[in-house]
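This report concerns only the one structure given below.
The values are calculated or read from the model by the stated rules, or taken from the named source; none is laboratory data. Predicted, not measured: the structure shown is a model, and the values here were computed from it. As a convention, Cβ positions derive from the backbone with ideal geometry for all residues, glycine included, and neighbour counts pool all protein chains shown.
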Amino acid sequence: MENPVGVFDSGVGGLTVLRELVSALPSERFVYLGDTARVPYGGKSAETVTRYAIEIANHLIRTRDIKLLVVACNTASSLALPVLRKIYKIPVVGMVDPCVRRAAVLPEKRTIGVIGTLGTVRSGAYEEALRNSVPSARVRSIACPLLVSLAEEGWADNAITRAVIAEYLAPFLEDPPDALILGCTHYPVLKGPIREYLGGGTVLIDSAEEAARVVDILLSETQVRRAGTPGAVEFLVTDDPERFARVGKGFFGRELADVGRVAL
């Protein structure tokens, strides 16, 4: 595969990012690596997540000669992005900055909510970035780890999912945020019930959509954007390709063909 864009996540969640990338850049080549042998990243230490991210980046650069790396995992973006950007010469795009850029240009941004995994919320990455870009906003973050499993079960339209969302997001009802950052790549699958619970007054900021916009701009600015011929996607995992393909279909929106397995 000729100079693809590399995309990685701990598992299937990053496929929501890949879906948006493929939609925005249909002529581009992508290679996606899901670290399914070591999922989830959300409860692991910063040192461990950073080590995993470096191993994956090394593999994608060495074996696929990627021209840009998308860290399609909010936990890895929150914990490992500064190190990755110091090590590698290619552009590295995470999930945090694109979402914060979107929040900064909203007409109403008095209060901003963030939901994510324990690792993402504990890192404080969103809060720090929002303080720098939107200093007047009040930020409230809530860890919602169970939503990952519900998304992977495909339970978007489910009473249990709606009950869990209501339990997690109840603190937001006291003072509904002007915007809510979906700080986990699994959460776009649950955008419907989240919007239903919070109502139309809250703008949902989808890290997958925002990251795709940034990658589109970066490829154009660096003059390495591929155009003209149809693109392609290669899928790699570190464990159980069959389960990845089965569960991932709901995140990517179509069948995942020829999933390969690699050892890191």
task: All but one of (1) part of a loop (DSSP other than H, G, I, E, B); (2) more than 23 Å from Val203 (Cβ to Cβ); (3) out of contact with any strand residue (DSSP E or B) (no Cβ under 9 Å at 6 or more places or on another chain) hold for Ile90, so report the exception by its number.
output: (3)
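Going through Thr75, Thr111 one at a time, which residue ends up being more than 22 Å from His186 (Cβ to Cβ) and of a type outside the set (Lys, Arg)?
Values: Thr75 fails: more than 22 Å from His186 (Cβ to Cβ).
Residue meeting the stated conditions: Thr111.
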- line: Of the residues in segment 248-260, those that are surrounded by 15 or more Cβ atoms within 10 Å (Cβ to Cβ) and either among the aliphatic types (A, V, I, L, M) or part of a strand (DSSP E or B) (or both) number 2
query: How about segment 156-176: which of its residues are modelled with pLDDT of 95 or more and either over 20 Å from Arg122 (Cα atoms) or of a type in the set (Asp, Glu) (or both)?
result: Ala159, Ile160, Thr161, Arg162, Ala163, Val164, Ala166, Glu167
message: Quick check on my filter: what residues within segment 128-174 are charged (D, E, K, R) and without any contact (Cβ under 8 Å) to a residue 24 or more places away in the chain?
response: Glu128, Arg131, Glu153, Glu167, Glu174
message: Which count do you get for residues in segment 231-261 that are closer than 19 Å to Ala24 by Cα and aliphatic (A, V, I, L, M)?
response: 3
- prompt: Leu18 passes all but one of (1) under 16 Å from the mean Cα position of the chain (by Cα); (2) free of Cβ contacts under 8 Å to residues at least 12 places away in the same chain; which number fails?
  reply: (2)
Which numbered condition Ala137 fails, given (1) in contact with a His (Cβ under 7 Å, 6 or more places away or on another chain); (2) over 23 Å from Ala212 (Cβ atoms): (1)
field: Residue among Thr185, Thr229 that is in a loop (DSSP other than H, G, I, E, B), farther than 23 Å from Pro91 by Cα and touching a Ser or Thr at 6+ places or on another chain (Cβ under 9 Å)
entry: Thr229
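Restrict the check to segment 135-148 and report whether at least one residue is in a helix (DSSP H, G or I) and buried (at least 22 other Cβ atoms within 10 Å of the Cβ).
yes
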- prompt: Considering only residues of segment 43-69 that are small (Gly, Ala, Ser) and surrounded by fewer than 23 Cβ atoms within 10 Å (Cβ to Cβ), which is nearest to Ser220 (Cα to Cα)?
  reply: Ala46
message: Please go through segment 210-264 and give me each residue that is under 20 Å from Gly154 (Cβ atoms) and hydrophobic (A, V, I, L, M, F, W, C), ordered by number.
response: Phe235, Val237, Phe244, Ala245, Val247, Phe251, Phe252, Leu256, Ala257, Val259
